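Each reported figure results from applying straightforward, stated rules to the coordinates on display, with no laboratory input. Only a predicted model underlies this, so the values are computations on that prediction, with no experimental measurement involved. Reconstructed Cβ throughout: ideal geometry from the backbone, glycine too, with neighbour counts over all protein chains shown.
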Ligand SMILES: C[S@@+](CC[C@H](N)C(=O)[O-])C[C@H]1O[C@@H](n2cnc3c(N)ncnc32)[C@H](O)[C@@H]1O
């Protein structure tokens, strides 16, 4: 039923709770791989984060690794301090290029490369945050025919990032976290 | 499978890579495409070009312009004592081993503006073995190497360096290693004179000495599997038996043909030791 092949999510300040709300109830056999850039301080302890997430998720939370090909069943996170990119063959690459929008990892870098790799089979979701990272990525996703969603700013701890994306005029749907969950569920063939 | 993306731009990127290779001999074919394309786009915007292919005449007829491109496409982002925990490991586990040799050769490959090489030099000084060490630091980017040789960094950067240094298991004061003047900090002469900076291209150049320890961090992530394999092969050839190799925290020897030649010493630190003898399989 669905022709969506990947979901990319960008989150910043306040994003962790929203990610939990959207991702935790997704079933183990959710058919679309999910890739997340969440701005973190580089000092954040990574190991703990995945242990924590995996007690809450039915899907498998892990750090995206160089060369790894996107697979359903996984929720990939960009490693702290590295930009996460998707190559045309739909595998991950990483770099330590300059910060984009004061961020590394930057949501824009993931979204823009994902748009080029997945074209109209991509869903891009922008969540709460106190900066403007992700807006250029959303524009690119739209340019390549993908579908874009912004968290309803009224539900965002920090609305700046979603408002900036909405102001671009390239957001298809503005939804609360629960609605985002319902929305992506309808595209996923989670039966087998 | 559907073919998305800007196909024309893809052709242009291929043409630029080819033009660089044919006229200047640098081979970027096996760099990861998404990162490389982003850098070409930045260079295009910087020069007010309409298309990536406009870069071709720009560099073909003027080698000065090619140098600009070369410096723009190589990423210079670096720090002193980046990932402090690896320096702690080097201090505690690698240096005592190196110290058993009468002279020690260390190669910092992809040293960018020098911070990493100076960090290693400081470590060696604190462990009192700097005198018997040769440090070779190389990069493809000559602009970066010029900055590295100067050993002058902004006070802003020194703040971050100090913070990293303190987390690396050090117990001295970082300010012992530089003098500040007009908002810039110059590293001590002893450190600056210790390191031999030279241009070296990991894609095409050969090994230039027997090494006891090679540090190459956050360079391989820009290379595809094939090129990573070549470079790890080069490191394997350059290292003495029992020599150490340190890669970036997201890099690994696992995907190369040389995985069997090394023992994993520090998993998180990505520190590997070359085995005593080649293993017959
Ligand atoms: C991100 S920096 C890494 C700096 C430092 N090692 C660190 O981890 O902080 C990558 C460096 O690799 C260099 N580089 C890229 N291609 C190279 C090549 N073919 N040969 C040598 N150095 C290369 C770039 O010029 C740049 O200085």
Helix-only mean residue ellipticity at 222 nm, chain B, DSSP H runs n ≥ 4 weighted -39,500 (n - 2.57), per residue, nearest 500. What is it? -12000 deg cm²/dmol
Summarise the partner chain shielding of A:89-95 as one whole number: the mean count of Cβ atoms from other chains within 10 Å of each residue's Cβ. 5
Cβ density ranking, 10 Å radius, fewest first, applied to B:267, B:172, A:132, B:82 yields B:267, B:172, A:132, B:82
Translational diffusion coefficient of chain B at 10 °C, 1.306 mPa s, Stokes-Einstein with Kirkwood Rh over Cα pairs, in µm²/s as a whole number. 79
Along each of the three principal axes of the Cα atoms of the range A:10-90, give the extent in whole Å, ordering the values from largest to smallest. 30, 29, 20
Dimensionless Rg over Rh [chain A; C-alpha; Kirkwood]: 0.92
Cβ density ranking, 10 Å radius, fewest first, applied to B:212, A:83 yields B:212, A:83
Spin-label pair residue B:154/residue B:208, simplified geometry with 7 Å Cα→Cβ offset, distance in nm: 3.0
Could you tell me the ratio Rg/Rh of the range B:152-281? Both radii from Cα atoms, Rh via Kirkwood. 1.04
For the protein assembly as shown, build the convex hull from the C-alpha positions and give me its volume per residue in Å³. 167
Place a point 7 Å from the Cα of residue B:180 in the direction of its beta carbon; the residues of the range B:80-122 whose amide N falls under 20 Å from it are B:80-82, B:115, B:119
Could you tell me how far the Cα centroid of the range A:100-126 sits from the Cα centroid of the range B:227-277, in Å? 33
May I ask you to sort B:173, B:119 by Cβ crowding, counting other Cβ atoms within 10 Å and putting the fewest first? B:173, B:119
Calculate the mean, over all residues of peptide B:78-88, of how many other protein chain Cβ atoms lie within 10 angstrom of the residue's Cβ. 1
Other protein chain Cβ atoms within 10 Å, averaged over every residue that makes up A:111-120: 3
Ratio Rg/Rh, restricted to the range B:40-172 and using Cα atoms, in which Rh is the Kirkwood radius: 1.11
When a/c is below 1.5 the answer is rounded, else prolate if a/b is larger than b/c, else oblate, so apply that to the range B:3-74 with a ≥ b ≥ c taken from the square roots of the Cα gyration tensor eigenvalues. prolate
Report the label-to-label distance for residue B:132 and residue B:264 in nanometres (one decimal), using points 7 Å from each Cα along the Cα→Cβ vector. 3.2
